[in-house]
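J.: So that we are looking at the same thing, I have put the structure below in structure tokens.
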Amino acid sequence: MENIKELFEPFNTQYMELYKENWLKVKLESSSDLLDVARVIKNYGIRSIATVSPTDFIEDNIFEMNYFFEDLNTYKNVWLKVDIPREFSECKIDSITPLFAGANWHEREAHSMYGVHFINHPDLSWFIISADYYGKFPFRKGFDWKAHEQNLIENMNTIVDDLYDEHNANDEKFDGSKTILNWGPTHPASGPIRLKVEVDGEEILAIEPDIGYVWRALEHLVEEKDFLGSIVALERICFMDNTNSMICYAQAVEEIAGKEITDFAKMMRVLLGEIGRIVSHLMGIGGFFNTMGLMTLFMWAIDLREYFLDVLENYSGARVATASIEPGGVRYPLNMKTLELLDVAIEEYERTKDDFYNIFLKNPLMKSRATKVGIITKDEVHDFSLCGIVARASGVKTDIRLDEPYAAYDKIDMDYMIEENGAAKNRLDVLFKEIAQSISILKQASSDLRDGIKSQIYNPQKDHLVKIPKKLPAGEAISRVEWSRGELMMHLVTQEKATSPYRLKIKAPSFNHTMILEHLLKGQTLSDIPLVFGSLYICQGDLDR
Amino acid sequence: MLKILDFFDYAKSQSAWMVHFCSGCCSLEMAAAMGPRYDWERYGYLVTPTPRQADVIFITGLVSKKILPALLRTYAQMPEPSYVAAMGACAYDGGPYNDSVAVIKNVTEILPADVFIAGCPPVPEAIITGLDEIKGKIERGEPSAASHGGLWKQMKF
Amino acid sequence: MEFLFNIYIFPGILFILTWAVFVFWFFRKILATLHKRVGPHYNGYAGTMQTFYDFSKLLTKESITPKGVNSYLFSSIPLIAPMLAIIPVVFIPWMPNFVIINSSYGVLGLVVLIGIEPFLLFLTGFGSNNKYSFLGGIRILTQMISMETSFFLSALSPALLFSTMNLTEIADMSSWLSTLILLPGAMLFFVSILGILEQPPFNIPDAEQEIVYGFYTEYSGTNYFLLKLAEFAEFLVTFAAMVTLFFGGYHGLFFDGFICLFVKMLIFAVLMIAIRASNPRLRLSQMLEFAWRYLVPLNLLNIVWILYAKQFILGD
């Protein structure tokens, strides 16, 4: 860390302090230094950027920009802050996209939501929001959205007019065998996302994703609810893995409140988090083969998934939207029937896993299709800030459970599951290996809980929840969690004695993964779009939030 | 003569095909209803990729403003008689996203539904029970609620 | 009188409709068993009435003709396609001493008529005013040109072995020895059949995940029913042709009859569904490479083998 501190010698900083032993938190004095600082950081070797997020301080009339730089090799990261004025005409800052390619879409989003103008950005067009919000910047404090909601039909007409204008422009653009296909929002293989594919016959020339069809503005919704009620909004970031996102938010709130939860609650969080991961990965391997027209593995995987959903239903009463983790611990006490159902589920997995492997993973037709497409190299992982299974399949060792252990992961014996070569098939292999590793983590957690309950260290009826006050002090915290799709990061800002968050920024992994879609698919054929898209393990819920 | 028409209505009710339109989180439970444990193909339901061959469209959960024209267009492309099933709390009044800036709160005023399936998300048994209601409606020969009402006929899409 | 019976009941229109109802149900049940599910179950005994309801629903729905389509192509192909698909039925010997046209060019007629069917479907792709249907039409054209060559060459091998093109004589002259000699040809014929019928792993023209449903995308109601009827009639004709040419037709172990032919056809249908449940789809360029680089040379080698076997093993 000392080396990194020395990098900031030539620049004026308001403060520089160590945060949580892996992060260096620095606030710059003036925003014109940003590009030079970024160049210095990149030359030092920190090449990834997680997200770019403004916080709106309306009383002081400034935006505070936050930049989160990460190093995937040495795990020493930098959190950079700088202030810019709030007025539209002066709300400008240099764009760091020419240096960090992974910041491209994050800056577009900050522009569409808040109105920050990034100088020298390659393409600062409207993003995620629907056409009736163009130019209105809905996330600024003081935007009167109730008045905006009154005329629904007029808003819808604006949206449809914009869509037709774009279609007509597309039709006039090309002639002959080249055309623009709309891989539209109701395509059977894509879910609610639109890809504008320029094709020449069957060969792809360019792809431009158009996202925002599942935009629920969760970051704004959380400001209307209180700290406990936000769980309802945040567990629905992506329904497939429901529990890990609640862990991320709960940790941020506990850090600001200054409370420590019990060991029992930490081990329960590990248990619930790993069940969420298995449930999501089973859906992911089914979806991969679905894109190639084979439904059999989807059916078998969903059958296995039902056993794990039984465990969640026994614990919390709901199969998918469990609301089982809240700030202070886990929500419900534990009874032993839940652990018995978990044993049944693990036994079912052991019984069927060889079939999965021999029939599908070794399938020669799948290998011939998936071994040479969608190859991501190690440099691209660093440049575009990829994470999760996409990064591990290319050989980069990054896993938040091992880099920055949270909950009870420091007591668990696990390892990085990596593959070389980074093609679509390698990502499928990593998914399989992660399921096997999660099963072993579940066995360790379950035996630890059983031993603890038997020897009276844990009290399953009382130890599960610690009281968190309803009004939190002023502060900010970041919390990172290894979600099933990658690294989920939340940045929470609170004001003194407020009952709801002031600003919550969610950085979702699928956002960066969709950014590289064009880079991977240029020059391939139409048949490869669902294959590469399915192997990147994208979920539209966390893409749009 | 009427008996023959009754037979055709009964045949239409026993083989309802649905189009795969996924606009929100509830589509995950729809996928679980296709699986081996809750197998809905026993009742004759089938998922088709194009709306031209479908009878029922599901409003799976939340509908954001950006995807509403696509939903209306898909519904308009379905051949008559076509029915709408609204799934989840979001299709009723916005559900957990009631305070959100970007979700339509009253989708069923725009595209009226024939059956509401409650839950967030509804369990697969609830989905199949809700589809039974639509089967009863088709068997009695009643027209769909969207054909005589709703704001969708005044909107552009 | 017998002529009217042949046209309307067996093996005419009623037989084709019954076969279509049966085979749709059969495919769904077998595929469901491989998926660890139960297929249609509640309508009729074990779901047998389900397809009946499906077809009568399709006939009573609205048939939409979208704006901007070429109305000649769009509306006339669904009428011509099933008629063309049903015609090869007259060449096949269904029962002992029962064949409608006993021609000495049976194999040739069968191959030509089965082969011309998919070209009509590509015209539907051109006729719908839809980019995805157009892509489906181009794909079916590409696939048919490659697979038909291999289909023709492998259908020729029993005619070469028995020195006759008359289907009844081919079925009568087969024995255990000749079936063993024709086995490589039978396997090549089966693979070409998968290509012509657009079944997995060659279901490239109607790839659901890529081009929404290929050339079927814009069809609804009665038009869709007629196109599906053409597809099921093709199944009937190609499976019956395969059994007659390579495996002895209506001859059985203990007795001859139509039942033996039917049971052998169902065995191949189960084989086709098992391949569908365990293999993903190929890319178009991979299919082209497979057809021209591997299938056609193997077929030529097969013909050399047949001629050698005819000279030295069968001895005439």
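J.: Given the conditions (1) open to solvent by 10 Å² or more (accessible area, probe 1.4 Å); (2) at pLDDT 90 or above, report the number of the one that residue A:414 does not fulfil.
T.: Tallying (1) open to solvent by 10 Å² or more (accessible area, probe 1.4 Å); (2) at pLDDT 90 or above, residue A:414 fails exactly one: (2).
J.: Additional query: Residue by residue through segment C:293-316, note down the ones that are hydrophobic (A, V, I, L, M, F, W, C) and in a loop (DSSP other than H, G, I, E, B).
T.: Step one: of segment C:293-316, the residues hydrophobic (A, V, I, L, M, F, W, C) are C:295-296, C:298, C:300-301, C:303-307, C:309, C:312-314.
Selection gives C:313, C:314.
J.: Same structure again: Does residue C:46 meet the test of being open to solvent by less than 20 Å² (accessible area, probe 1.4 Å) and aliphatic (A, V, I, L, M)?
T.: Considered against the rule, which asks whether it is open to solvent by less than 20 Å² (accessible area, probe 1.4 Å) and aliphatic (A, V, I, L, M), residue C:46 comes out as no.
J.: Could you count how many residues in segment C:1-43 are within 14 Å of chain B (Cβ to nearest Cβ) and either open to solvent by 20 Å² or more (accessible area, probe 1.4 Å) or under 25 Å from residue C:259 (Cα atoms) (or both)?
T.: 15
J.: Using the structure shown, decide if residue B:50 is more than 9 Å from chain A (Cβ to nearest Cβ) and free of Cβ contacts under 8 Å to residues at least 60 places away in the same chain. Walk me through it before giving the result.
T.: Values: more than 9 Å from chain A (Cβ to nearest Cβ): no; free of Cβ contacts under 8 Å to residues at least 60 places away in the same chain: yes.
So residue B:50 does not fit the description; no.
J.: Being more than 15 Å from residue B:29 (Cα to Cα) and at the interface with chain C (Cβ under 10 Å from one of its Cβ atoms) is the filter here, so list the residues in segment A:285-303 that pass it.
T.: A:288, A:289, A:290, A:291, A:292, A:293, A:294, A:295, A:296, A:297, A:300
J.: Condition check: over 24 Å from residue B:147 (Cβ atoms) and either touching a strand residue (DSSP E or B) at 6+ places or on another chain (Cβ under 6 Å) or not polar (S, T, N, Q) (or both). Does residue B:88 satisfy that? Lay out the reasoning, then the answer.
T.: Working: over 24 Å from residue B:147 (Cβ atoms): no; either touching a strand residue (DSSP E or B) at 6+ places or on another chain (Cβ under 6 Å) or not polar (S, T, N, Q) (or both): yes.
When the stated conditions are applied, residue B:88 does not pass them.
J.: Still on this structure, please answer the following. If you go through segment B:12-58 one residue at a time, how many are over 14 Å from residue B:88 (Cα atoms) and assigned to a helix (DSSP H, G or I)?
T.: So the count comes out to 13.
J.: What are the pairs, 6+ residues apart or on separate chains, where a residue within segment A:194-217 that is among the aromatic types (Phe, Trp, Tyr) has its Cβ under 9 Å from a residue that is at pLDDT below 90 and part of a strand (DSSP E or B)?
T.: Qualifying pairs under 9 Å: A:213/A:194; A:213/B:64; A:215/B:64; A:215/B:103.
J.: Let me ask you something else. In this structure, does residue C:120 turn out to be under 16 Å from residue C:242 (Cα atoms), surrounded by fewer than 24 Cβ atoms within 10 Å (Cβ to Cβ) and in contact with a Leu (Cβ under 8 Å, 6 or more places away or on another chain)?
T.: Here the answer is no, as residue C:120 does not meet what is asked.
J.: Now, a different point. Looking at C:170, C:145, can you tell me which residue is among the aliphatic types (A, V, I, L, M) and open to solvent by less than 50 Å² (accessible area, probe 1.4 Å)?
T.: Unique residue meeting the criteria: C:170.
J.: Checking the structure you have, find out if any residue of segment A:518-526 is among the aliphatic types (A, V, I, L, M), part of a helix (DSSP H, G or I) and open to solvent by 10 Å² or more (accessible area, probe 1.4 Å).
T.: Yes - at least one qualifying residue is present in segment A:518-526.
J.: Considering only residues that are open to solvent by 20 Å² or more (accessible area, probe 1.4 Å) and within 19 Å of the chain's Cα centre (by Cα), which ones fall in segment A:240-266?
T.: A:240, A:251
Residues are listed down the side, and each one gets a yes or a no for (1) touching a residue at least 40 places away in the same chain (Cβ under 8 Å); (2) more than 10 Å from every other protein chain (Cβ to nearest Cβ); (3) over 15 Å from the mean Cα position of the chain (by Cα):
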site: B:26; (1), (2), (3): yes, no, no
site: B:30; (1), (2), (3): yes, yes, no
site: B:44; (1), (2), (3): no, no, yes
site: B:56; (1), (2), (3): yes, yes, no
site: B:61; (1), (2), (3): yes, no, no
site: B:65; (1), (2), (3): no, no, yes
site: B:71; (1), (2), (3): yes, no, no
site: B:77; (1), (2), (3): no, no, no
site: B:88; (1), (2), (3): yes, yes, no
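J.: If you don't mind, another one. So which residues in segment A:129-150 are open to solvent by 60 Å² or more (accessible area, probe 1.4 Å) and of a type outside the set (Asp, Glu)?
T.: A:134, A:136, A:142, A:146, A:150
J.: Another question, then. Taking the options A:479, A:446, A:500, name whichever one is under 22 Å from residue A:339 (Cβ atoms) and more than 14 Å from chain C (Cβ to nearest Cβ). Before you say what the answer is, go through the steps one by one.
T.: Working: A:479 fails: under 22 Å from residue A:339 (Cβ atoms); A:500 fails: under 22 Å from residue A:339 (Cβ atoms).
Exactly one of A:479, A:446, A:500 is under 22 Å from residue A:339 (Cβ atoms) and more than 14 Å from chain C (Cβ to nearest Cβ), namely A:446.
J.: Of all the residues that make up segment A:200-222, how many are surrounded by fewer than 17 Cβ atoms within 10 Å (Cβ to Cβ) and facing chain B (nearest Cβ under 9 Å)?
T.: Qualifying residue count for the region: 0.
J.: Regarding residue C:242, is this residue under 30 Å from residue A:290 (Cα atoms) and among the aliphatic types (A, V, I, L, M)?
T.: On the way: under 30 Å from residue A:290 (Cα atoms): no; among the aliphatic types (A, V, I, L, M): yes.
Answer is no for this residue.
J.: Another question about this same structure. Please indicate, with yes or no, whether at least one residue in segment A:305-323 is open to solvent by less than 10 Å² (accessible area, probe 1.4 Å) and of a type in the set (S, T, N, Q).
T.: Yes, there is a match, as at least one residue in segment A:305-323 is open to solvent by less than 10 Å² (accessible area, probe 1.4 Å) and of a type in the set (S, T, N, Q).
Every residue, every condition in (1) open to solvent by 30 Å² or more (accessible area, probe 1.4 Å); (2) free of Cβ contacts under 8 Å to residues at least 40 places away in the same chain, yes or no:
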| position | (1), (2) |
| --- | --- |
| A:450 | yes, no |
| A:458 | no, no |
| A:464 | no, no |
| A:473 | yes, no |
| A:497 | yes, yes |
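J.: Please work out which one of (1) open to solvent by 30 Å² or more (accessible area, probe 1.4 Å); (2) in a helix (DSSP H, G or I); (3) not β-branched (Val, Ile, Thr) is the condition residue C:165 fails and give its number.
T.: Unmet for residue C:165, out of (1) open to solvent by 30 Å² or more (accessible area, probe 1.4 Å); (2) in a helix (DSSP H, G or I); (3) not β-branched (Val, Ile, Thr): (2).
J.: Can you report the number of residues in segment A:224-234 which are in contact with a Ser or Thr (Cβ under 7 Å, 6 or more places away or on another chain), more than 9 Å from chain B (Cβ to nearest Cβ) and either crowded, with 17+ Cβ neighbours inside 10 Å or among the aliphatic types (A, V, I, L, M) (or both)?
T.: Residues in segment A:224-234 being in contact with a Ser or Thr (Cβ under 7 Å, 6 or more places away or on another chain), more than 9 Å from chain B (Cβ to nearest Cβ) and either crowded, with 17+ Cβ neighbours inside 10 Å or among the aliphatic types (A, V, I, L, M) (or both): 2 in total.
J.: Take residues that are under 28 Å from residue A:500 (Cβ atoms) and modelled with pLDDT of 85 or more and tell me which of the helices (runs of 4 or more DSSP H) falling wholly in segment A:126-233 contain 2 or more.
T.: Details: elements: A:145-148, A:152-173, A:218-221.
Here the list reads A:218-221.
J.: For residue C:237, indicate whether it is open to solvent by less than 10 Å² (accessible area, probe 1.4 Å) and either away from chain A (no Cβ under 13 Å) or modelled with pLDDT under 90 (or both).
T.: Yes.
J.: Take the residues of segment A:69-123 that are in contact with a Pro (Cβ under 7 Å, 6 or more places away or on another chain) and assigned to a loop (DSSP other than H, G, I, E, B): which is most open to solvent (accessible area, probe 1.4 Å)? Even if it seems obvious, please write down each step before you answer.
T.: Of segment A:69-123, the ones in contact with a Pro (Cβ under 7 Å, 6 or more places away or on another chain) are A:91, A:97, A:110, A:113-114, A:116, A:120.
Among the residues that remain, those that are also assigned to a loop (DSSP other than H, G, I, E, B) are: A:91, A:97, A:116, A:120.
Values: A:91: 0, A:97: 16, A:116: 0, A:120: 116 Å².
If we take residues in segment A:69-123 being in contact with a Pro (Cβ under 7 Å, 6 or more places away or on another chain) and assigned to a loop (DSSP other than H, G, I, E, B), then A:120 is most open to solvent (accessible area, probe 1.4 Å).
J.: From C:202, C:246, grab the single residue that is within 14 Å of chain A (Cβ to nearest Cβ) and crowded, with 21+ Cβ neighbours inside 10 Å.
T.: C:202
The values are calculated or read from the model by the stated rules, or taken from the named source; none is laboratory data. From a predicted model like this one, the values you see are computed outputs, not experimental measurements. Here Cβ is always computed from backbone atoms with ideal geometry, including for glycine, and neighbour counts include all displayed protein chains. Each accessible area value is taken on the protein alone, full model and side chains, heavy atoms only, with ligands, DNA and RNA left out. Shrake-Rupley method; radii C 1.70, N 1.55, O 1.52, S 1.80 Å.
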